[in-house]
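Structure record follows, encoded as structure tokens.
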Amino acid sequence: MHDIRALRADPAAFDADLARRGLEPVAQKLLSWDEERRQAQTVLQEKQARRKALAREIGVLKRNGGDSADLEAEGTNLREAMEELERKVADCEGQSATLLATLPNRLDATVPDGPDESANVVQHVWGTVPDFAFTARQHFELGEALGLMDFATAGKLSGARFVVLRGALARLARALGQFMLDLHVDEHGYTETQVPVLVNDAAMYGTDKLPKFADQSFRTEDGRWLIPTAEVPLTASVSGDILDGKTLPLRMTALSQCFRSEAGSAGRDVRGMLRQHQFEKVEMVSVTTPEESAAEHERMTRCAETVLEKLGIPYRRVLLCAGDTGFGAAKTFDLEAWLPGQGAWREISSCSNTRDFQARRMNARFRPQQGEAPVFVHTLNGSGLAVGRTLIAVMENGQQEDGSITVPDVLRPYMGGMARISA
């Protein structure tokens, strides 16, 4: 999670990073526990050495018929003292680990200051925002008018924040997922992967989803978690490994169902598909070296942008500020698509460099050269893209005055040649 040596070297910088996220300083508390632990560990090692020497002395006395009672009493006292020191070490480690697990990643120096999304910085804009000669409708208005998007039946089956897609819209959603996978595999060099959508505590903790986001996820009665994104199983697939540096970077992609409780989002995006409990997403994950992670972040973001460009969807790249950067990220680019029905830019992809934050939590390392000491990998993740939100963008940007929807050229081979979805 965090390198205690870096904290010892510059505690003020550690607290300054937390302050950028609006958090209180904790370096002194952590260093105090660390000092207590190290002092206790030193004394414990001294007593362990004495106990070994004592065992040898007792053995010599007994072989020579001497009286070892005093030495055995000292041994008993040593054992009790060692047990107390072990408890002290464990207590300091436990308190430190509990606090560290709740602290976010340290921010990249290029991340702008700011308390919330109002301070995010637009990097560039691509495409032309459509200028319709009619009043643009939102995706749910289009979908319901076509009879292909059914929230009422989904509500009967599962409650709020679910949808049933039918006919051409169901096929369009499937086409989007297939198109994205093919693009990332055939042109971007990612390895297609099918992953479980149920994972254990270790996978969630290692990818920084626990304990911070427990209330955002669904848990089964047997203690497994429904994944919030394929980032979790893809990244956790290297947990505990020491990789050969020659094999890096590893680039993996997966199309999966994703599940989020949307705790705390009451009243936000209630209508439509923008904020669902269950949705599909194509995820990209990279595992690379510290030296290459910045370049890999740019590369991954370009892969996501390419999807939008091929679909003809106007978008903008946004560098998130300190107050809006996610818990596990050191730096994040969001891609926001233009939604004519809302008349607004909405997030459709988020590409983050977590550096070694996740790697430390799950002990994922690589060996740069044979015989060299292992080093923590850097992990990156990005949406390439969220299928439901991309479906919304395609529908709203491709809408016609009569309520029909133009299918982007790149999707038509996946749609059996269909160029327009109409009633």
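The values are calculated or read from the model by the stated rules, or taken from the named source; none is laboratory data. None of these values were measured; they are calculated from a predicted model. Cβ: placed from backbone, ideal geometry, glycine included. Neighbour counts: every protein chain shown. Only protein heavy atoms, including side chains, enter the accessible area calculation; ligands, DNA and RNA are left aside. Shrake-Rupley method; radii C 1.70, N 1.55, O 1.52, S 1.80 Å.
One table, with the values for the structure above:
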{"item": "Hits in region 50-84 (condition: open to solvent by 80 Å² or more (accessible area, probe 1.4 Å) and touching a residue at least 12 places away in the same chain (Cβ under 8 Å))", "result": "ARG51, ARG79"}
{"item": "Residue within region 112-132 that is of a type in the set (Gly, Ala, Ser) and in contact with a Cys (Cβ under 7 Å, 6 or more places away or on another chain) present", "result": "yes"}
{"item": "Residue in region 163-175 that is touching a Pro at 6+ places or on another chain (Cβ under 9 Å) and assigned by the TED database to the domain that holds GLN399 present", "result": "yes"}
{"item": "Residue under evaluation TYR315, criteria (1) within 21 Å of LEU181 (Cα to Cα); (2) under 12 Å from the mean Cα position of the chain (by Cα), criterion not met", "result": "(2)"}
{"item": "Exclusive hit being over 23 Å from HIS139 (Cα atoms), free of Cβ contacts under 8 Å to residues at least 60 places away in the same chain and among the polar types (S, T, N, Q), set GLN358, GLN400, GLN370", "result": "GLN370"}
{"item": "Qualifying strands (runs of 3 or more DSSP E) (wholly inside region 200-293; at least 1 residues being in contact with a helix residue (DSSP H, G or I) (Cβ under 9 Å, 6 or more places away or on another chain) and open to solvent by 30 Å² or more (accessible area, probe 1.4 Å))", "result": "250-259, 278-288"}
{"item": "Test: VAL377 is under 19 Å from SER237 (Cα atoms), in contact with a Leu (Cβ under 6 Å, 6 or more places away or on another chain) and of a type in the set (A, V, I, L, M)", "result": "no"}
{"item": "Considering residues of region 294-315 that are among the acidic types (Asp, Glu) and over 13 Å from SER350 (Cα atoms) only, the residue most open to solvent (accessible area, probe 1.4 Å)", "result": "GLU309"}
{"item": "Selected residue (criterion: surrounded by the most Cβ atoms within 10 Å (Cβ to Cβ)) from residues of region 137-185 that are over 20 Å from ALA386 (Cα atoms) and in contact with a His (Cβ under 9 Å, 6 or more places away or on another chain)", "result": "SER158"}
{"item": "Filtered residues of region 321-358 (kept if open to solvent by 10 Å² or more (accessible area, probe 1.4 Å) and over 14 Å from the mean Cα position of the chain (by Cα))", "result": "GLY323, ASP324, GLU336, TRP338, PRO340, GLY341, GLN342, GLY343, ALA344, TRP345, ARG346, GLU347"}
{"item": "Options VAL89, VAL121; residue that is among the β-branched types (Val, Ile, Thr) and buried (at least 16 other Cβ atoms within 10 Å of the Cβ)", "result": "VAL89"}
